[in-house]
Amino acid sequence: AQKVTQAQTEISVVEKEDVTLDCVYETRDTTYYLFWYKQPPSGELVFLIRRNSFDEQNEISGRYSWNFQKSTSSFNFTITASQVVDSAVYFCALSENSGGYQKVTFGTGTKLQVIP
Amino acid sequence: EAQVTQNPRYLITVTGKKLTVTCSQNMNHEYMSWYRQDPGLGLRQIYYSMNVEVTDKGDVPEGYKVSRKEKRNFPLILESPSPNQTSLYFCASRRGAGGRTGELFFGEGSRLTVL
């Protein structure tokens, strides 16, 4: 079974629209970490946020916000008033204990296209 | 500047010709890892290292080797590359291997084509 599911393969929105990227994870650990990374067209991977399993507070950073819900095992990412520069592939990732170390498993990514 | 450096960034080679992709980090991180990125599959872990001389297989280790003789370096070796190893490769490092874990720092990626 996939540990991190990003069901949305590709999303297109018109600039200034809000968009939510879904992430559902699966783990038996009580202590784990969730991440979002951005991969712009230039190809590098940019860290956006880390959240540990004990902190369910939602977080807002400028136009970005994250909604962590343990009850539904989801860690969704919302971009408000999207801009062309938000066009990228976004990866959700789960870090959990695996044989004594924290293994990071990535979802398959969601490609976001923001149309001007 | 804290960074992970991979070389080469781009490489076209032929089946069977051994190659090495180097990875170096300047953050004194204990943990290092290699991932490959393929369309529709996301990033999959090839090998990882928890510290010097400690390496282990990830999810897709076949056809790859690694070594960790120094803390800062973690080269990826393809002894006999095949076309199915055509991919985008990322090296990553992280402070600590277990317990409280920070984010992964990634290199810029190495695009490998095997003809």
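Scan the range B:88-101 for residues that are at pLDDT below 90, under 19 Å from A:W36 (Cβ atoms) and within 7 Å of chain A (Cβ to nearest Cβ) and the total you get is 1.
Considering B:R72, B:R111, B:R94, the condition of being in contact (Cβ under 8 Å) with a residue 60 or more places away in the chain, surrounded by fewer than 20 Cβ atoms within 10 Å (Cβ to Cβ) and touching a strand residue (DSSP E or B) at 6+ places or on another chain (Cβ under 6 Å) is satisfied by B:R111 alone. The single condition from (1) over 25 Å from A:T108 (Cα atoms); (2) modelled with pLDDT of 95 or more that B:Q85 fails is (1).
Selection of first residues in the range B:29-44 that are facing chain A (nearest Cβ under 10 Å) and free of Cβ contacts under 8 Å to residues at least 12 places away in the same chain and of second residues that are surrounded by fewer than 24 Cβ atoms within 10 Å (Cβ to Cβ) and among the aromatic types (F, W, Y), restricted to Cβ pairs under 9 Å at least 6 apart or on distinct chains, gives the following pairs, ordered by first then second residue: B:G42/A:F106. When B:V60 is tested against (1) in a strand (DSSP E or B); (2) in contact with a Lys or Arg (Cβ under 7 Å, 6 or more places away or on another chain), only condition (1) is not met. Of the strands (runs of 3 or more DSSP E) contained entirely in the range B:1-56, those carrying at least 3 residues that are β-branched (V, I, T) fall at B:19-25.
Filtering the range A:1-53 to residues that are among the aliphatic types (A, V, I, L, M) and free of Cβ contacts under 8 Å to residues at least 60 places away in the same chain leaves A:A1, A:A7, A:V24, A:L45, A:V46, A:L48, A:I49.
Checking each residue in the range B:45-68 for being without any contact (Cβ under 8 Å) to a residue 12 or more places away in the chain and either more than 10 Å from every other protein chain (Cβ to nearest Cβ) or within 30 Å of A:T9 (Cα to Cα) (or both) picks out B:K57, B:E62. Listed conditions (1) away from every other protein chain (no Cβ under 12 Å); (2) surrounded by 14 or more Cβ atoms within 10 Å (Cβ to Cβ); (3) polar (S, T, N, Q) are all met by A:T5, apart from (1).
For the range A:16-42, enumerate the residues that are surrounded by fewer than 16 Cβ atoms within 10 Å (Cβ to Cβ), within 13 Å of chain B (Cβ to nearest Cβ) and at pLDDT 90 or above. Of everything in the range A:16-42, those that are surrounded by fewer than 16 Cβ atoms within 10 Å (Cβ to Cβ), within 13 Å of chain B (Cβ to nearest Cβ) and at pLDDT 90 or above turn out to be A:P40, A:P41, A:S42. Within the range A:82-96, track down each residue that is more than 9 Å from every other protein chain (Cβ to nearest Cβ), part of a strand (DSSP E or B) and touching a residue at least 60 places away in the same chain (Cβ under 8 Å). A:Y90, A:C92, A:L94, A:E96 - these are the residues of the range A:82-96 that are more than 9 Å from every other protein chain (Cβ to nearest Cβ), part of a strand (DSSP E or B) and touching a residue at least 60 places away in the same chain (Cβ under 8 Å). Looking only at the range A:43-53, decide whether some residue is away from chain B (no Cβ under 12 Å) and closer than 23 Å to B:F105 by Cα. Among the residues of the range A:43-53, not one is away from chain B (no Cβ under 12 Å) and closer than 23 Å to B:F105 by Cα, which makes the answer no. Restricting attention to the range A:97-112, the residues that are of a type outside the set (S, T, Y), more than 7 Å from chain B (Cβ to nearest Cβ) and crowded, with 21+ Cβ neighbours inside 10 Å add up to 1. Note on the range B:1-33: residues that are in contact with a Leu (Cβ under 6 Å, 6 or more places away or on another chain) and surrounded by 13 or more Cβ atoms within 10 Å (Cβ to Cβ) total 4.
The values are calculated or read from the model by the stated rules, or taken from the named source; none is laboratory data. What you are looking at is a predicted structure, and each value in this text was computed from that prediction instead of being measured. Quick reminder, even Gly has a Cβ in these numbers, built from the backbone with ideal geometry, and neighbours come from all protein chains shown.
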